[in-house]
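Here is the structure we will look at, set down as structure tokens.
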Amino acid sequence: MRIIVIGAGVAGLAAAARMASAANEVVLLERGPSAGGGLNLNGPFTLTLPAVLRDLFVKTGGRKASGGGSLEENVSLVPVDPVRRYVFADGSSLVLPNTARGAAKDAFDTAFGNGAGASWLSLLDHGNRAWSAIRPTLVEVPDATRGELWRLYRSGAGRRALTPRRTLRQAGEGYGFRDPRMSAVLAEYALGAGADPRVAPAVLAIRPYIEHAFGAWRVVGGGPELARAMYERCLARNVTFRFGAEATAIASGAVTLASGERLTADVIVAAVDEQILRRLTGGAPAGERASKASTAAGYSPSLLSAHLHASKDLDLPHESVFFGDTGRDASNARLDALFADPAAYAASGGLSVPADPTLRISAAPEQPREFFVHVDVPAGLSDEAAHGYVPTLVELAARRLGLSSDNALTLQGTVTPADRERLTGVPGGSVNGPAITSVSSALLRSPTVQPVKGLLHVGASSRPGPGLAFAALSAWNAAEVLRPTRI
Ligand SMILES: Cc1cc2nc3c(=O)[nH]c(=O)nc-3n(C[C@H](O)[C@H](O)[C@H](O)COP(=O)(O)OP(=O)(O)OC[C@H]3O[C@@H](n4cnc5c(N)ncnc54)[C@H](O)[C@@H]3O)c2cc1C
């Protein structure tokens with residue numbers, strides 16, 4: 001079979017490698033100059049569900065026993081411990097350990113008082129129930145429909161697992177989260193999935209559960225290193241890459257490029273954002289997004305990131321979250337700005353207000369003087385506003401890290417929302433694509449099997465959802481559709 005994959009992000013690379021390993025002829029079109037997409041802008045990142053990438057490398061290793069090697073033979077994959085350090089506005093902190101249930105309970109009890117650990121474990125158990133309910137029915141079923149979700153709703157066990165009327169925050173409160181700092185930790189998981197914490201559905205408890213149950217990992221060398229390994233695996237399976245090849249239209253069995261060239265194929269795999277896909281197929285942007293002026297409206301926030309170098313070694317964990325002012329009014333205003341009306345936020349000079357934002361810092365022990373600092377900003381924030389804020393961001397990072405004046409920070413580079421949009425094409429440089437506002441927007445994203453005959457959709461804005469692991473899982477789903485036994 002001849003297959004065209006559009007987009008060389010993690011999802012496109014995974015789909016191309018899998019499909020080429022099944023004796024198909026695969027051409028991968030990428031509008032940029034290299035493979036990796038968003039992987040190239042992340043800095044150190046956290047990989048959850050490593051089994052998805054492990055399976056990819058095993059299944060695409062070729063026939064010989066020596067094959068192309070496992071994931072671990074191609075990149076240095078190491079567990080992170082602690083997973084994350086949370087530092088709250090009052091100076092207190094929570095150090096979250098990797099996987100161990102007892103240690104997680106102790107960490108919460110130590111940070112928030114006796115009973116907090118049991119509450120956290122109850123939330124993880126909720127996530128476990130939800131994951132067990134959706135994995136075989138919706139997550140790993142490429143052609144699952146809304147009907148599958150309704151079937152879950154109709155069964156008592158399914159309803160208990162999904163608690164469709166509850167938000168994640170309410171679920172936490174139901175399990176005894178009394179301390180607002182615990183709710184702030186939960187809100188970070190919602191934001192990390194591209195959901196407004198005020199409306200994020202309880203089913204997103206799967207995210208802390210997955211991280212806890214399957215561990216948090218990192219690739220030494222970060223996103224570019226994973227991109228290299230996946231690209232090389234594709235080359236080993238004879239995938240043909242065409243860089244600088246932007247698709248401008250998709251019809252059944254044909255792709256037109258910006259150059260005017262027309263390519264034909266039996267199957268087309270769009271590994272691009274949902275809004276790009278709608279444009280390519282000539283469809284209207286989905287639902288409410290169509291009525292809004294900004295192309296990024298309805299999309300989850302972007303990140304403004306600065307890559308910094310310190311003049312002395314730092315002792316930073318893999319990831320830290322420094323909460324800013326978590327006062328109710330301040331955080332409501334910030335979330336309104338991030339999710340509801342990015343254009344108004346930018347116009348009001350939102351970022352120049354001396355707000356006290358939450359900062360995320362990621363670092364790798366191999367480079368003890370380097371780190372990335374990220375702050376949530378609305379998708380679509382202009383370069384002018386973003387660059388204007390960078391000095392404040394650097395100052396805030398130094399302050400939150402408690403750096404003395406003899407440990408100076410030098411700016412190595414910045415990544416603005418516009419940079420992200422330029423690299424990936426995702427509207428406004430949104431990190432997680434369409435915002436999650438409900439159970440169905442979390443679980444029924446753009447389907448793998450599209451209405452156009454022979455067209456499949458993979459990537460962070462398709463099913464099962466955002467993040468590296470799910471983007472790679474979407475490629476597994478797409479490859480499953482093509483298995484002869486399913487046709
Ligand atoms: C700062 C940051 C930190 C992150 N940290 C983590 C983390 O710790 N853990 C985690 O799991 N996830 C993380 N993510 C999210 C993760 O990086 C993304 O979910 C993932 O990279 C998305 O991959 P993708 O293949 O769906 O899309 P992309 O990476 O966006 O790839 C799409 C590709 O398609 C190409 N393309 C677009 N349009 C066309 C066209 N018309 N023709 C040809 N090619 C086209 C683009 O150029 C791009 O290369 C992070 C993201 C950011 C920005």
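Only residues that are of a type outside the set (Ser, Thr, Tyr), modelled with pLDDT of 95 or more, open to solvent by less than 80 Å² (accessible area, probe 1.4 Å) and over 30 Å from residue 454 (Cβ atoms): list them for segment 128-168, please.
The answer is 128, 130, 131, 133, 168.
Pick from 467, 428: which is within 20 Å of residue 135 (Cα to Cα), within 15 Å of the ligand (Cβ to nearest atom) and within 18 Å of the chain's Cα centre (by Cα)?
Numbers: 428 fails: within 20 Å of residue 135 (Cα to Cα).
After ruling out the rest, the residue left standing is 467.
So, in segment 431-464, of the ones that are assigned to a strand (DSSP E or B) and in contact with a Leu (Cβ under 9 Å, 6 or more places away or on another chain), which residue ends up farthest from the ligand (Cβ to nearest atom)? Break it down into steps so the answer makes sense when it comes.
Narrowing segment 431-464 to residues assigned to a strand (DSSP E or B): 434, 436, 446, 449, 455-457, 462.
Then drop every residue that is not in contact with a Leu (Cβ under 9 Å, 6 or more places away or on another chain), which leaves 436, 446, 449, 455-457, 462.
Numbers: 436: 13, 446: 11, 449: 17, 455: 14, 456: 13, 457: 10, 462: 8 Å.
That would be 449.
Got a sec? Which of 369, 399, 422 is within 12 Å of the ligand (Cβ to nearest atom) and surrounded by fewer than 18 Cβ atoms within 10 Å (Cβ to Cβ)? Break it down into steps so the answer makes sense when it comes.
Numbers: 369 fails: within 12 Å of the ligand (Cβ to nearest atom); 399 fails: within 12 Å of the ligand (Cβ to nearest atom).
Every option except 422 fails the conditions.
Taking residue 35 as the residue in question, decide whether it is more than 7 Å from the ligand (Cβ to nearest atom) and either over 18 Å from residue 477 (Cα atoms) or not hydrophobic (A, V, I, L, M, F, W, C) (or both). Step through it out loud before you land on a result.
Numbers: more than 7 Å from the ligand (Cβ to nearest atom): yes; either over 18 Å from residue 477 (Cα atoms) or not hydrophobic (A, V, I, L, M, F, W, C) (or both): yes.
Yes.
One line per residue, one yes/no per condition, for (1) outside any helix (DSSP H, G or I); (2) without any contact (Cβ under 8 Å) to a residue 24 or more places away in the chain; (3) touching a helix residue (DSSP H, G or I) at 6+ places or on another chain (Cβ under 6 Å):
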position	(1), (2), (3)
119	no, no, no
131	no, no, yes
142	yes, no, yes
150	no, yes, no
165	yes, yes, no
170	no, no, no
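Considering only strands (runs of 3 or more DSSP E) fully contained in segment 192-295, which possess at least 3 residues that are open to solvent by 20 Å² or more (accessible area, probe 1.4 Å), assigned by TED's automatic domain parsing to the domain that holds residue 57 and at pLDDT below 95? Spell out how you get there, then give the answer.
On the way: elements: 217-219, 240-243, 247-251, 254-257, 262-264, 267-270.
Where strands (runs of 3 or more DSSP E) fall fully within segment 192-295, none carries at least 3 residues being open to solvent by 20 Å² or more (accessible area, probe 1.4 Å), assigned by TED's automatic domain parsing to the domain that holds residue 57 and at pLDDT below 95.
Among (1) within 15 Å of the ligand (Cβ to nearest atom); (2) open to solvent by 20 Å² or more (accessible area, probe 1.4 Å); (3) of a type outside the set (A, V, I, L, M); (4) in contact with a Lys or Arg (Cβ under 8 Å, 6 or more places away or on another chain), which single condition is residue 68 missing?
Only one criterion in (1) within 15 Å of the ligand (Cβ to nearest atom); (2) open to solvent by 20 Å² or more (accessible area, probe 1.4 Å); (3) of a type outside the set (A, V, I, L, M); (4) in contact with a Lys or Arg (Cβ under 8 Å, 6 or more places away or on another chain) is unmet by residue 68, namely (1).
The values are calculated or read from the model by the stated rules, or taken from the named source; none is laboratory data. Bear in mind the structure is a predicted one, so any value in this text is a computation, not a measurement. Reconstructed Cβ throughout: ideal geometry from the backbone, glycine too, with neighbour counts over all protein chains shown. Quick note on the areas: whole protein, heavy atoms, side chains included, nothing else; ligands and nucleic acids left out. Shrake-Rupley method; radii C 1.70, N 1.55, O 1.52, S 1.80 Å.
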